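**Student:** Got a structure for you, questions after.
The values are calculated or read from the model by the stated rules, or taken from the named source; none is laboratory data. Being a predicted model, the structure only gives us computed values, none of them experimental. Note: ideal-geometry Cβ built from the backbone for every residue, glycine included; neighbour counts use all protein chains shown. Just so you know, the surface numbers come from the protein's heavy atoms only, side chains and all, with ligands and any DNA or RNA stripped out. Shrake-Rupley method; radii C 1.70, N 1.55, O 1.52, S 1.80 Å.
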Amino acid sequence: MRKTQVSINLTALRHNLQIVRQAAPGCRIMAAIKADGYGHGLVRVAKALNESDGFGVACIDEALQLRAAGVSAPITLLEGFFHADEIPLIEQHRLDLLLHHESQIAVLEQAYIDTSIRVWLKIDTGMHRLGVSPERTPALWKRLESIPGLLPVGQMTHLACADDREHPATAKQLRVFAQATAALPGERAIANSAGILGWPDTHGDWVRPGIMLYGVSPFIGGTAAQHDLKPVMTLSSELIAVNIVQKGETVGYGGTWSCPETMPVGVVAVGYGDGYPRHAGNGTPVLVNGQCVPLIGRVSMDMVCVDLRSQPEAGIGDPVVLWGEGLPVEEVAEAAGTIAYELFCSVTRRVRLVEYE
Ligand SMILES: Cc1ncc(COP(=O)(O)O)c(C=O)c1O
């Protein structure tokens, strides 16, 4: 059987939740588990994080999967509803809404809400993606308060540049948020992982950690170890061939890498068909027998090649880690010109998954 697999360490996931608690004491935690728990498995992650105070997902389909699996904690739809026909299901399954646009408020004004729906108002404080304008916030909050059946909980915003500790945008977003909400009641929710770890002024009543829960530093150039975060996902495989390739010969599609000397080249059973990034270039770190070796040549669908000059005795069946335990995913993401979020979400269904405590 092909040995390529992802292992999900549930103890590490829970440990990382404790790091959130320590970093933002007294705050309630809405764990961001959208996009299939950042690729770690939606229900699996929710069940392991049952000590969080609620969950944030991107859409109703994700919320319904959680409810069907018996998850009874508060679930917030971070983009609200997309269409009015979701409202009965939102009521039926006690889902909370984030409202980011006046048109959503207009729909709720026309809807008949039987029970009560908890809603957050999202304010655009500078990211310019989703959110109502700071100037319109007090008037829109009033409209929410007057809709029968709605229970306005508080105000939210999202930070655009908190991953850069020097960036002036975060302080500006905080000022805009404070101004827009100064006269309003309710709870405040601002911080993502970078806010939690780097910007205490963003903590508010609720924090919304995502990437740090999965054991990744949210900061540019940062490492998980700096925050005592532990990797949750490990992508691993094995060597399926070791060949001696002659000096001057090239390796892989397009012949993009030439052997500077006659040397052992290892072939690993992982490729972009598994979600390993095709843009990982020569030199991307790979662990073989726990030691770092460089990737060489192009990533193909089912295989990658590695330079085994530092491990001439390595052989078929030897263990390989592509990221995770022993090899920070941040390093692989950097070498591939992407971010850990994307690597996690890219792992494909053909990769066998094992979870462990
Ligand atoms: C609204 C919202 N809050 C929180 C998060 C969590 O962000 P991070 O994974 O950077 O902690 C996200 C993720 O993008 C989000 O969209």
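**Student:** Considering only residues that are of a type in the set (Val, Ile, Thr) and open to solvent by less than 50 Å² (accessible area, probe 1.4 Å), which ones fall in region 289-330?
**Tutor:** VAL293, ILE296, VAL299, VAL304, VAL306, VAL320, VAL321, VAL329
**Student:** Name the strands (runs of 3 or more DSSP E) wholly inside region 240-357 in which the number of residues that are within 16 Å of the ligand (Cβ to nearest atom) is 3 or more.
**Tutor:** In region 240-357, there are no strands (runs of 3 or more DSSP E) which contain 3 or more residues that are within 16 Å of the ligand (Cβ to nearest atom).
**Student:** Which residue pairs have Cβ atoms under 6 Å apart, sit 6 or more places apart or on different chains, and have a first residue in region 10-35 that is of a type in the set (Gly, Ala, Ser) and a second that is surrounded by fewer than 21 Cβ atoms within 10 Å (Cβ to Cβ)?
**Tutor:** Correct list of pairs: ALA12/LYS230; ALA24/HIS203; ALA35/CYS345.
**Student:** Further, regarding this structure: Every residue in region 22-57 that is within 17 Å of THR11 (Cα to Cα), outside any helix (DSSP H, G or I) and within 13 Å of the ligand (Cβ to nearest atom), please.
**Tutor:** Those that are within 17 Å of THR11 (Cα to Cα), outside any helix (DSSP H, G or I) and within 13 Å of the ligand (Cβ to nearest atom): ALA31, ILE33, HIS40, SER52.
**Student:** Same structure again: Would you mind finding the one in GLY266, GLY248, GLY204, GLY222 that is on the phi > 0 side of the Ramachandran plot and buried (at least 18 other Cβ atoms within 10 Å of the Cβ)?
**Tutor:** GLY204
**Student:** Going through region 168-181 one residue at a time, which ones are more than 14 Å from the ligand (Cβ to nearest atom) and within 26 Å of the chain's Cα centre (by Cα)?
**Tutor:** Once the filter is applied, which keeps residues that are more than 14 Å from the ligand (Cβ to nearest atom) and within 26 Å of the chain's Cα centre (by Cα), region 168-181 yields PRO168, ALA169, ALA171, LYS172, LEU174.
**Student:** Could I ask something else about it? Among the residues of region 11-25, write down those that are in contact with a strand residue (DSSP E or B) (Cβ under 6 Å, 6 or more places away or on another chain) and either of a type in the set (Ser, Thr, Tyr) or surrounded by fewer than 22 Cβ atoms within 10 Å (Cβ to Cβ) (or both).
**Tutor:** ALA24
**Student:** Taking region 123-139 as the search range and keeping residues that are at negative phi and in contact (Cβ under 8 Å) with a residue 40 or more places away in the chain, which one is nearest to the ligand (Cβ to nearest atom)?
**Tutor:** If we take residues in region 123-139 being at negative phi and in contact (Cβ under 8 Å) with a residue 40 or more places away in the chain, then LEU130 is nearest to the ligand (Cβ to nearest atom).
**Student:** Can you name the residue in region 182-192 that is open to solvent by less than 40 Å² (accessible area, probe 1.4 Å) and of a type outside the set (Gly, Ala, Ser) and, of all such residues, is nearest to the ligand (Cβ to nearest atom)?
**Tutor:** Only one residue tops the list, namely ASN192.
**Student:** Next question. Which pairs have Cβ atoms under 6 Å, sit 6 or more apart or on different chains, and link a residue in region 194-216 that is in a helix (DSSP H, G or I) to one that is away from the ligand (no atom under 11 Å from the Cβ) and among the basic types (Lys, Arg)?
**Tutor:** Cβ pairs passing all conditions: GLY198/ARG165.
**Student:** Which ones in region 193-206 are within 27 Å of LYS142 (Cα to Cα) and either away from the ligand (no atom under 16 Å from the Cβ) or touching a Gly at 6+ places or on another chain (Cβ under 8 Å) (or both)?
**Tutor:** ASP201, THR202, HIS203, ASP205, TRP206
**Student:** Now for a separate question. Which number in (1) out of contact with any Gly (no Cβ under 7 Å at 6 or more places or on another chain); (2) more than 23 Å from THR137 (Cβ to Cβ); (3) within 16 Å of the ligand (Cβ to nearest atom); (4) not β-branched (Val, Ile, Thr) marks the one condition that TYR112 misses?
**Tutor:** (3)
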